[in-house]
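First the structure, in the form of structure tokens, and then the observations on it.
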Amino acid sequence: MTDQVHLAIALERAGWHPAAWRESTARPHELLSPRYWAELLRTVDDAGIALATIEDALSLPDRFDASEPLRRDRVRGRLDASLIASFVAPLTRRIGLVPTVTTSHTEPFHVATALQTLDFASRGRAGVRLVAGASSAERANFGRRSSGVDTLPPSGRVEDSPELLAAFREAGEFADVLSRLWDSWQDDAIIRDVSSGRFLDADRVHAIEYEGEFFSVTGASIVPRSPQGRPLITVLAHQSVPYRLAAERADLVYITPHDERGLAAIRAELQAASDELRGPGERLRVYADLLVLIEETSSAARDAAARLDDRAGEPLASDARIVVGSAADVAEAVRELAAAGVDGVRLRPARQPADVAAIAEQVVPLLRSTQTLREDDGAGTLRARLGLARPESRYVREKVAL
Amino acid sequence: MSSPVRQIHLAAHFPGVNSTTVWTDPTAGSQVDFASFEHFSRTAERGLFDYVFLAEGLRLREHKGRVHELDVLGRPHTLSILAAIAAITEHVGLVGTLNTTFNEPYELARALATLDHLSGGRAGWNAVTSSDAFHGANFRRGGYLDHADRYERAREFASLAKELWDSWPDDGVRADASGGVFLDDGVPSRVRHRGAQFDVDAVFDVPRSPQGRPVIVQAGDSADGRGFGAEHAEVIFSLHTRFDDARAFYDDVKGQLGAWGRDEESLKILPAATFAIGDTAEEARERSREIALSQVRPETALTYVEQVWGSDLSGYDPDGPLPDIDPDTGAETAKGWANRHASARKRVAALRELSESEGLSIRETVIRLTANHTFVGTPDRIAAEIDRYVQERATDGFTLVGHLTPHGLDEFADRVVPLLQERGSYRESYPEGATLRDLLGLPAARRVPAFATP
Ligand SMILES: Cc1cc2nc3c(=O)[nH]c(=O)nc-3n(C[C@H](O)[C@H](O)[C@H](O)COP(=O)(O)O)c2cc1C
């Protein structure tokens, strides 16, 4: 069986349906509680899911929700995703922990060291999902950048908006700075040489001396090289500019094809961008997103979706393909994507925790029984589990070249 | 005579990246592996400490233009490691040092509120102001903040953070599923803040956390630093550990509280304290000496004076007298810890006086300055000393700094803590469901008025 995939999950407070928090299975008062997150992550970890992304934004409204005044029938308020990931790190064993980080207001130095720390606390399971740009709500919270855009230009193309293009260049630099900081300590920098009294060898710690359009970052990381060397960089992409960002800077990209032809077109574009921009090393891993709502039968699922849509006041809309059905329906959709050649499928549960439990208890066993899930041999780190080599520090190569 | 026994507060300082931390010891573990933090925080919890404490340094220390090689270097991201520790502990507070110059209030306030939620009300923030260009070079906002403005930004930062935390009512999340109302109108309130440092129109996105506001700690020693402490801090981490010195500091800072409408108990002062324990006084002294010698190895001593002098002194014998040359006051060497507080000349004069009056070598001088243990003695003696400081109002307790990662506080927790308990001045167990604020005996967070705009 060659058409195998890894399964990822995208965790988002009460789930991806805007009315999910009103379900009887929902726990809307616990969305900020440590137990809620510990239980969710343990469930998907035990099920053998390879990685979990955790949504985030630096504002009360969601990123693409410019409703004014703020709608009061949606989940509001959240915890910092990076800290949720660190919190669950000691409570989980195998699952990759991939918080969302916005690149527009944050400091790459802080983000780099936070992810290295997550990598240590999880013993090699850290990643990040980078999001370019900032919404107007985020800008108002920081007060530094009054200009910027929230929405795509009329053409729908990022390249037609100078501000959005700049935001993606900033995200590219951000990713570049992260990986340089992650390389700044060679693996063997700490020598603990009692005879010479030296704890480390300064020649193996490198100031990154980065000067870009958006950042200048001089020093080395304050964190020694972490178990994976570099935590995983991932992005969600829907069109050319983000595809190019993924091809140039990411280890893994989430895409949102709606059918087989769409998938083929995206893969071709990613391939072309990779040929042009990607350095030597690992090929870009491609994960397709599915938003899933799962009940015992397809018709029960349709009823549940109708109930939720009714409460939300509008039908569920998503950038990702929506699968409303039984666990078998979802498993079938995953198998089709596997046959079409993606490396993984990221499931966005419509309702948390209900659909998370259905994925863990029903979808995963079905995929296992048909050998659609890529099994691994208990590999230790997220990179190893996904079949990605541990990168060597770029500064080692520099030295060899001397 | 009937005044109640004052309760001792103890914090556990994770071993840092200076020469206090001895890495040459065969039992010394990693400063970054999670196992070390696990061990350390479990010890702190076994010893019923108020909190574990992490320092922060946002750039690797350098010496003569190179990364410093002799001491432990490298540390985790403060908030991330505390969030991980929250998962494996139940009671102990989690206090991190976080800079006000190289962070933004919204981001830091939400991270601290998150930590408070994830830990069930155990978060604390040591607000520091280091603002030099050396550290600034790692950040997009750079190091352009004038030294004189560092506390202006810190004050405004802390005020804005409090406004953000206070913008949610206690039970702000309605989550009425049948009515379809997640948040009531007007929740949270908007924070419009306009000051010299920050101009935001913010809507905070983390509902009120268990403590309302995380506990604020302060660790700067200048007049401005003390002023900031009196206004905002609920704990001060100082270096004033000698009894008279500690008491003068206590009186100074607590004396300023009235101006802010605060009382003595609303601020705890927990100076740094090191220790060496022995079965007899003699054994403790030997142990102290042994630790000091491994903290200040010959090359460490030379590096220390090189930082003070600002020049290469590699030809000098660490066991010989101090250099007789003048310091190089032109060079920028104030990057490490050594000469943070005084100008090079003043520093050199002080070293000379100490060395000459007692005939001390370079190494012995540095030992005297940096490796003198606060408490040396039997467990009984150390317990009595600590108790005396607290009962006589020189401190409210201590921030204990062990010399070993991660076992540095084991002996203290196992041998000294029970004796403090016997004296009736230390808790026997954690109160159920206590927040860090409760452990410290601090009043509940009062909602603050908005930042006073001039
Ligand atoms: C006991 C103590 C501990 C400190 N720890 C840190 C630290 O971990 N990280 C940091 O950046 N600054 C630290 N500082 C620096 C101060 O917090 C402060 O930012 C700096 O000294 C400037 O303020 P000042 O002029 O009031 O002393 C510490 C200071 C003291 C006294």
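Determine Rg/Rh for the protein assembly as shown; Rg is computed over alpha-carbon atoms and Rh is the Kirkwood hydrodynamic estimate from the same atoms.
Radius of gyration relative to Kirkwood radius: 0.98.
First measure r as the distance between the Cβ atoms of B:S3 and B:D328, then evaluate 1/(1 + (r/R0)^6) with R0 = 56 Å and state the FRET efficiency to the nearest 0.05.
0.55
Over chain B, what relative contact order in percent results from Cα pairs under 8 Å that are six or more residues apart?
Computed over chain B, the figure is 24 percent.
Restricting to Cα pairs below 8 Å that are 6+ residues apart, what does the relative contact order work out to for chain A? Please round to a whole percent.
Relative CO of chain A lands at 22 percent.
Provide, in order from the shortest bin, the percent of all Cα-Cα pairs of the range B:1-142 in each 5 Å bin, continuing until the bin that contains the maximum pair distance.
Values per bin, smallest distances first: 2, 9, 16, 19, 18, 15, 10, 6, 2, 1, 0, 0.
Set the Förster radius R0 to 56 Å, insert the Cβ-Cβ distance between A:R27 and A:Q4 as r into 1/(1 + (r/R0)^6), and round the FRET efficiency to 0.05.
After rounding, the FRET efficiency stands at 0.95.
For the protein assembly as shown, what is the calculated [θ] at 222 nm in deg cm²/dmol (nearest 500), taking -39500 (n - 2.57) for each run of four or more DSSP H residues and dividing by its residue count?
Computed mean residue ellipticity for the protein assembly as shown: -10500 deg cm²/dmol.
So if I take the centroid of the Cα atoms in the range B:397-426 and the same for the range A:103-152, what is the distance between those two points in Å?
40
Any chance you could tell me what percent of the C-alpha pair distances in the range B:64-115 go past 12 Å?
Above the 12 Å cut-off, the range B:64-115 has 73 percent of its Cα pairs.
Among B:Y426, B:Y304, what's the order by accessible area (1.4 angstrom probe), most exposed first?
Highest to lowest solvent-accessible surface, that is B:Y304, B:Y426.
Could you tell me the accessible area of A:R368 in Å² (1.4 Å probe, neighbours in place), rounded to the nearest ten?
Here the residue's solvent-accessible area equals roughly 100 Å².
B:V181 versus A:A389, label points 7 Å from Cα toward the beta carbon: distance in nm?
6.1
Return the distance in nm (one decimal) between the two label points of a simple spin-label model at A:S155 and B:D317, each offset 7 Å from Cα along Cα→Cβ.
The two pseudo-label positions are separated by 7.8 nm.
Principal axis extents for chain B, Cα atoms only, whole Å, descending order, please.
80, 53, 44 Å, listed from the longest principal axis down.
How big is the gap, in Å, between the Cα center of the range B:116-193 and the Cα center of the range B:377-393?
38
Using heavy-atom solvent-accessible surface (probe 1.4 Å) with all chains present, what is the largest-first order of B:K346, B:K268, B:K64?
If we order B:K346, B:K268, B:K64 from most to least accessible, we get B:K346, B:K64, B:K268.
Residue-wise, which Karplus ³J(HN,Hα) couplings in Hz belong to the range B:348-365, taking 6.51 cos²θ - 1.76 cosθ + 1.60, θ = phi - 60°, and x for glycine or proline?
Working through the residues one at a time gives 4, 4, 5, 4, 4, 4, 4, 5, 6, 5, 10, x, 9, 6, 3, 5, 5, 5 Hz.
State the Cα centre-to-centre distance between the range B:262-330 and the range A:171-234 in whole Å.
If we compute the Cα centre of each part, the gap is 29 Å.
What percent antiparallel are the DSSP beta bridges of the range A:6-386, to the nearest 5?
Restricted to the range A:6-386, the bridges split so that about 15 percent are antiparallel.
Counting alpha carbon pairs within less than 8 Å and at least 6 residues apart, what relative contact order, in whole percent, applies to the range B:140-285?
Dividing the mean separation by the residue count of the range B:140-285 yields 17 percent.
List the residues of the range B:224-261 whose backbone N lies under 17 Å from a point placed 7 Å from the Cα of B:E353 along the Cα-to-Cβ direction.
B:245
Taking 1 over the mean of 1/r across every pair of different Cα atoms in the range B:339-434, what Kirkwood radius in Å do you get?
Roughly 16.4 Å, rounded to one decimal.
Tell me the trypsin sites (Lys or Arg not before Pro) within the range A:242-320 that lie in a loop according to DSSP and have at most 16 other beta-carbon atoms within 10 Å.
Counting only loop positions with at most 16 other Cβ atoms within 10 Å, the trypsin sites (Lys or Arg not before Pro) in the range A:242-320 are A:R283.
Mind giving me the nanometre distance, one decimal, between the label points for B:T280 and B:D224, set 7 Å out from Cα along Cα→Cβ?
Once both label points are built, they end up 5.3 nm from each other.
Could you order B:S314, B:S167 so the one with the most accessible surface comes first? Probe is 1.4 Å.
These residues rank, largest area first, as B:S314, B:S167.
For an R0 of 35 angstrom, estimate the FRET efficiency from the Cβ-Cβ distance between A:S318 and B:R192 and round to the nearest 0.05.
The formula returns an efficiency of 0.50 here.
Provide the per-residue ³J(HN,Hα) series for the range A:66-79, in order, calculated from phi with Karplus coefficients 6.51, -1.76, 1.60 and θ = phi - 60°, each as a whole number of Hz, with x at glycine and proline positions.
Values per residue, Gly and Pro as x: 9, 4, 9, x, 3, 5, 9, 9, 10, 4, 10, x, 7, 9 Hz.
Please work out how much accessible surface A:H238 shows to a 1.4 Å probe, ignoring ligands, DNA and RNA, in Å² rounded to 10.
Rounded to the nearest 10, that gives 90 Å².
Report D for the range A:6-386 in µm² per second (integer): Stokes-Einstein, Kirkwood Rh on Cα pairs, 20 °C, 1.002 mPa s.
Answer, rounded: 99 µm²/s.
Positive end of the dipole of the protein assembly as shown, charges at C-beta (+1 Lys, Arg; -1 Asp, Glu), about the Cα centre: which of A:P34, B:G402, B:F375 has its Cα farthest in that direction?
Final value for the positive-end residue is A:P34.
For the range A:242-333, what log10 I(q)/I(0) values come out of the Debye formula at q = 0.18 1/Å, with one point per alpha carbon and no solvent?
Here the Debye-derived log intensity ratios amount to -0.82.
With no solvent and one point per C-alpha, what does the Debye sum give as log10 I(q)/I(0) for the range A:234-277 at q = 0.16, 0.19, 0.21 Å⁻¹?
Calculated log10 I(q)/I(0) at the listed q: -0.34, -0.47, -0.58.
The values are calculated or read from the model by the stated rules, or taken from the named source; none is laboratory data. Just so you know, these numbers come straight off a predicted model, no measurement behind them. Here the Cβ is made from the backbone with ideal geometry for all residues, glycine too, and neighbour counts use every protein chain on show. Just so you know, the surface numbers come from the protein's heavy atoms only, side chains and all, with ligands and any DNA or RNA stripped out. Shrake-Rupley method; radii C 1.70, N 1.55, O 1.52, S 1.80 Å.
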